[in-house]
Every structure is written in structure tokens, then in C-alpha cells.
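Read the structure below first, then the notes.
The values are calculated or read from the model by the stated rules, or taken from the named source; none is laboratory data. This structure is a prediction, so every number in the text was calculated from the model and none was measured. Here Cβ is always computed from backbone atoms with ideal geometry, including for glycine, and neighbour counts include all displayed protein chains.
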Amino acid sequence: MKFLIITHTSHIVKNQSYYAYEPYVREMNLWMRNVSKIHIVAPIKTEPIPTIFSSYESKVNRFTKVPSISFISFFEALKAIFSIPLLFLRVSSAMQKTDHIHLRCPGIIGLIGCFAQIFFPKKSKTVKYAGNWDPQSKQPLSYKIQKWIVSNTFLTKNCKVLVYGEWKEQSDNIRPFFTASYTTSQINTSLTKEISSPFHFLFVGSLVPGKRPLYAIKLVEKLLKNGIFCSLSIYGDGGLYSELKNYIETNNLSQSITLHGNQSRNVIIEAYKVGHFLILPSKSEGWPKVVAEAMFWGCIPLATKISCVPWMLGKGKRGHILTLSLDEDKQKVVTLLNERTQLETMSKEAQTWSHEYTLDSFEAAIKKLL
């Protein structure tokens, strides 16, 4: 099978190998194992390979470079307008020569792909919608257009649309799906967390406004001022790094809150193993991998009510929903910390749930789609 991947994920080329964001590559490796030829349409950037990038296991037979499009400034928007016709032609040409179209959404390149696939109704297709599918959520217009096109079975034919969570009143081509980070062999059924002072909190993710890392810092700061013996380890990098570092130093939090930057997958796993809580006050998510990963190792999530998070947390059985009111969230966490038996039950419940979503079960689900 000739397999076409259309994605906005930027790639780096080195020694004829293609590198991209490691969690994305890990997932795509499972798709690639089930096909004979691989063609990728994506942006290329020239820079040193970051720690959080990895290369594909399978050989990429063809790679079509397309411009990375954004509308963050007038100049970028102007450049995007002139790039769109070329992008549409390249995407359409690639679709014409493949057996199966795999479209990654949402994103501007995904939007172009949504329009292009309409002209190939007989081609086999899968759409991985990695964003928030919640029909009630506030989203950019481009995201809404992509959701409308791919769920419209008149415009999008012969396609399975993979979304996170289960939602009512969906079209027949919508399939609840998941993603995974660990194998069945990594499950440790004997792992039982003793959740007691000092309490270890984690933040894992990009240091960008959408993830709200400062809120995680302020929440732990509130706990410290409340007399709770605790610490916060922050894993990730991004534009807010300097601002967060300055806040930590200015407020004399360096003894309790540490910025670790980007770290390898194994370092993060060890952090999950010793961590008690994961804080994710994110504005938007699809399937928040860090939540499922933390739960896999018995780390209890404290996360915002977005996308399929309430379902993941079992409406409070496996974690806690943040309100984004510092005083309210602080008081709820303080109450939780005094319920040791309940916390250890939540930790076990989190593990049990997450162990259902392994790379093994994920690969089996992909095989059925192809």
C-alpha cells in the first residue's frame, strides 16, 4: 500500500533520515509498519535536532516539502496567502499518486488537505483529528471548518475520522480513538504509590501561554504558603522559560520549584514514577498525552476541564478538575492531601485505566483501520 501522510509537523533532515517531534514519530511508526511505501508532505526546517525529536523507523520513500504557514503577523499572513495555491497543488498531486490518504488535523496544512481530499472520493482515507473535538468548545474558525468538512459524509467519502473522546450526535464516519506512549510490557502492576509529605508535583509540556505553566507555579506557591511541604519539577521548554525563571527567583521559590528544560523520555518516566501529582492547567488539548502518561505510573492528574479530560479522569475518580481559581484549587488540593487513602485509590484507578491504552492495543486498532 502506498501511504500518504499530510501534516503540519515540521521535520529536520539529517543523513537522509527525517526527524520530527518524538511523540508524533512514535505514533506514525505504528502506521508505517503496516504499509509498503511512504510519502510525507510536510514543512522542513533547518536547525540542530532537539532532544525531543526522533527519526522514523521505516524508510520514507518520498518527501514533499511545503511551506510552513502561519497568520501570526501581517507579513506571515501575506506570505501564507501566496503560498496556499502552491501548497494545494502539491497536496493534490500527492493524493493522486497514493492508495491511502492519512490527514493530520487541525492546522492550516490540514485545512488545505481537507479541501483537496474532496476531489478524491474513491481514495481510502483516515483523518487523525488531534485537537479538541468537543462540539461546545470555542475554537478558531479554521478548526471549525476542518471539523465540518471531515464530518460531512457528502464532502468526505471513504474516510474514518479519528477523534478523542465519545460525543453525542456524530456522523457515521466519526470514530472515538486514543493514542498511547507505552507498551504492555512496561506495565508494573506492583507499583503502589505512597502519597505522603513531601508531595511531589510535576508539570510536563511546552512553556507557552496555552499550557499555563505559570498557573502551576502559582498553585504550588499557594500550597507552600499554606504550610504544605511540597515541590514542583517543570519539564519542557518554550518562550516563557525566562519569565518563569524570573518569577521563581523573584519570589524565592528556587528551593522548591525547578526548571529542568527538555529532557529525554526516560528521564520523564523516572519523574512520573516518583511524582505524586501532574498539573496541567492547559487552555486546549486533544488527547493530553502527559495526562495518560502520568496516570500510567500512578501520578494523579490535576487538569482543566477540556476536551476528553473529564472522561479520562472518570469524573473525579482518577484525578481532579482544576477550576483555575487559585484559592479554590488550592483549598481542594489541601483537602485531597489530607485524604491519603482516597489518594492512593485514585493513583491505582489512574494506573488501571491508563494500562488499557498501550502501544500494543493502539497498533492493533491501526491495523483494523488499514
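Only residues that are more than 17 Å from Ala94 (Cα to Cα) and among the aliphatic types (A, V, I, L, M) were counted in the range 1-31, giving 6. Across the range 184-211, the qualifying residues are those that are over 20 Å from Gln263 (Cα atoms) and charged (D, E, K, R), and the one among them that is farthest from the chain's Cα centre (by Cα) is Glu194.
Has the range 133-141 got at least one residue that is in contact with a Lys or Arg (Cβ under 9 Å, 6 or more places away or on another chain), surrounded by 13 or more Cβ atoms within 10 Å (Cβ to Cβ), closer than 24 Å to Lys367 by Cα and modelled with pLDDT under 95?
yes
Considering the range 197-280, the qualifying helices (runs of 4 or more DSSP H), each wholly inside and each with 3 or more residues that are of a type in the set (A, V, I, L, M, F, W, C), run over 213-225, 265-274. Of the residues making up the range 164-196, those that are closer than 21 Å to His355 by Cα and part of a loop (DSSP other than H, G, I, E, B) number 17.
Among residues of the range 201-229 that are under 15 Å from Tyr241 (Cα atoms), those with a Cβ under 7 angstrom from a residue that is assigned to a helix (DSSP H, G or I) and of a type in the set (Val, Ile, Thr), sequence gap 6+ or separate chain, pair up as Val204/Ile268; Val204/Val290; Gly205/Val290; Ile217/Ile248. Could you count how many residues in the range 119-157 are over 24 Å from Glu27 (Cα atoms), aliphatic (A, V, I, L, M) and in contact (Cβ under 8 Å) with a residue 24 or more places away in the chain? The number of residues fulfilling the criteria is 3.
Yes/no per residue for (1) within 14 Å of Ile279 (Cβ to Cβ); (2) in the same structural domain as Ile195 (by TED's automatic domain parsing); (3) over 24 Å from the mean Cα position of the chain (by Cα); (4) surrounded by 13 or more Cβ atoms within 10 Å (Cβ to Cβ):
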residue	(1), (2), (3), (4)
Leu326	yes, yes, yes, yes
Val333	yes, yes, yes, yes
Asn338	no, yes, yes, no
Thr341	no, yes, yes, no
Thr345	no, yes, yes, yes
Ala350	no, yes, no, yes
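If we scan the range 283-290, do we find a residue that is among the polar types (S, T, N, Q), in contact (Cβ under 8 Å) with a residue 12 or more places away in the chain and surrounded by 23 or more Cβ atoms within 10 Å (Cβ to Cβ)? Within the range 283-290 (the criterion being among the polar types (S, T, N, Q), in contact (Cβ under 8 Å) with a residue 12 or more places away in the chain and surrounded by 23 or more Cβ atoms within 10 Å (Cβ to Cβ)), the answer is no, since none of the residues qualifies.
All of (1) more than 27 Å from Glu194 (Cα to Cα); (2) modelled with pLDDT under 95 hold for Arg265 with one exception: (1). Taking residues in the range 269-282 that are of a type in the set (Val, Ile, Thr) and buried (at least 21 other Cβ atoms within 10 Å of the Cβ), and partners anywhere that are modelled with pLDDT of 95 or more and assigned to a strand (DSSP E or B), the pairs with Cβ atoms closer than 6 Å and at least 6 places apart or on different chains are Ile279/Phe201; Ile279/Phe203; Ile279/Leu302.
A count restricted to the range 310-335 and to residues that are assigned to a helix (DSSP H, G or I), modelled with pLDDT of 95 or more and aliphatic (A, V, I, L, M) stands at 3.
When the range 299-309 is filtered for residues that are outside any strand (DSSP E or B) and either surrounded by fewer than 18 Cβ atoms within 10 Å (Cβ to Cβ) or modelled with pLDDT of 95 or more (or both), the ones remaining, listed by number, are Cys299, Lys305.
Take Val291 and decide whether it is under 18 Å from the mean Cα position of the chain (by Cα), among the hydrophobic types (A, V, I, L, M, F, W, C) and closer than 16 Å to Lys273 by Cα.
yes
Against the criterion of being within 22 Å of Thr345 (Cα to Cα), in the same structural domain as Arg318 (by TED's automatic domain parsing) and at pLDDT below 95, Lys289 qualifies. When the test is whether a residue is among the basic types (Lys, Arg) and surrounded by fewer than 21 Cβ atoms within 10 Å (Cβ to Cβ), Lys211 does not pass it.
Looking across the range 176-202 at every residue that is within 21 Å of Gly131 (Cβ to Cβ) and in contact with a helix residue (DSSP H, G or I) (Cβ under 8 Å, 6 or more places away or on another chain), the one that is surrounded by the most Cβ atoms within 10 Å (Cβ to Cβ) is identified as Ala180.
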